[in-house]
Amino acid sequence: MNKLDLNHAHSFPELLVNNEALTGLLCHEEPDTQELLRLVSERDELVMTHLASLEDSQKKAFIEAELACNRLIKERIQPLLASTEATLTSFVRSKKAIKKYKR
């Protein structure tokens with residue numbers, strides 16, 4: 001898995017810290033999902049708060065840079081979601097089969 005870089009020219013110090021933590025977590029094969037949710041939620045709050053403080057002339061560049069980062073995050077998280085869904089589906093099918101054989 002290649003290195004994920006969520007930093008851009010408009011990243012501010014708090015976002016840099018969050019990006020580093022999120023990047024580190026997403027480089028694990030099986031990241032802690034609770035920590036992932038916490039970091040993504042924190043990142044959203046940081047971005048929204050910062051966005052509200054920007055002048056209109058700065059907003060477009062920041063939004064475009066963040067959209068690119070969000071795509072990268074989504075690309076990393078999507079396979080995790082698919083894997084979790086497959087595992088859950090298998091579990092449900094197994095549970096149904098066990099019930100069927102118990103009868």
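Residues are listed down the side, and each one gets a yes or a no for (1) among the aromatic types (Phe, Trp, Tyr); (2) surrounded by 10 or more Cβ atoms within 10 Å (Cβ to Cβ); (3) in contact (Cβ under 8 Å) with a residue 12 or more places away in the chain; (4) under 19 Å from Asp5 (Cβ atoms):
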| site | (1), (2), (3), (4) |
| --- | --- |
| Gln34 | no, no, no, no |
| Leu46 | no, yes, yes, yes |
| Lys59 | no, yes, no, no |
| Ala65 | no, yes, yes, yes |
| Ile73 | no, yes, yes, yes |
| Lys102 | no, no, no, no |
Any hit, the stretch 68-82, residues being under 23 Å from Thr33 (Cβ atoms) and more than 13 Å from the chain's Cα centre (by Cα): yes
Out of Leu46, Leu37, sole residue that is assigned to a helix (DSSP H, G or I) and at pLDDT below 95: Leu37
Single match in Asn7, Asn19 (criterion: assigned to a loop (DSSP other than H, G, I, E, B), modelled with pLDDT of 95 or more and either under 23 Å from Leu80 (Cα atoms) or of a type in the set (Asp, Glu) (or both)): Asn7
Within the stretch 1-57, tally of residues that are closer than 17 Å to Ala68 by Cα and hydroxyl-bearing (Ser, Thr, Tyr): 2
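The values are calculated or read from the model by the stated rules, or taken from the named source; none is laboratory data. Since this is a predicted model, take the numbers as computed values, not measurements. We place every Cβ from the backbone using ideal geometry, glycine too, and count neighbours over all the protein chains shown.
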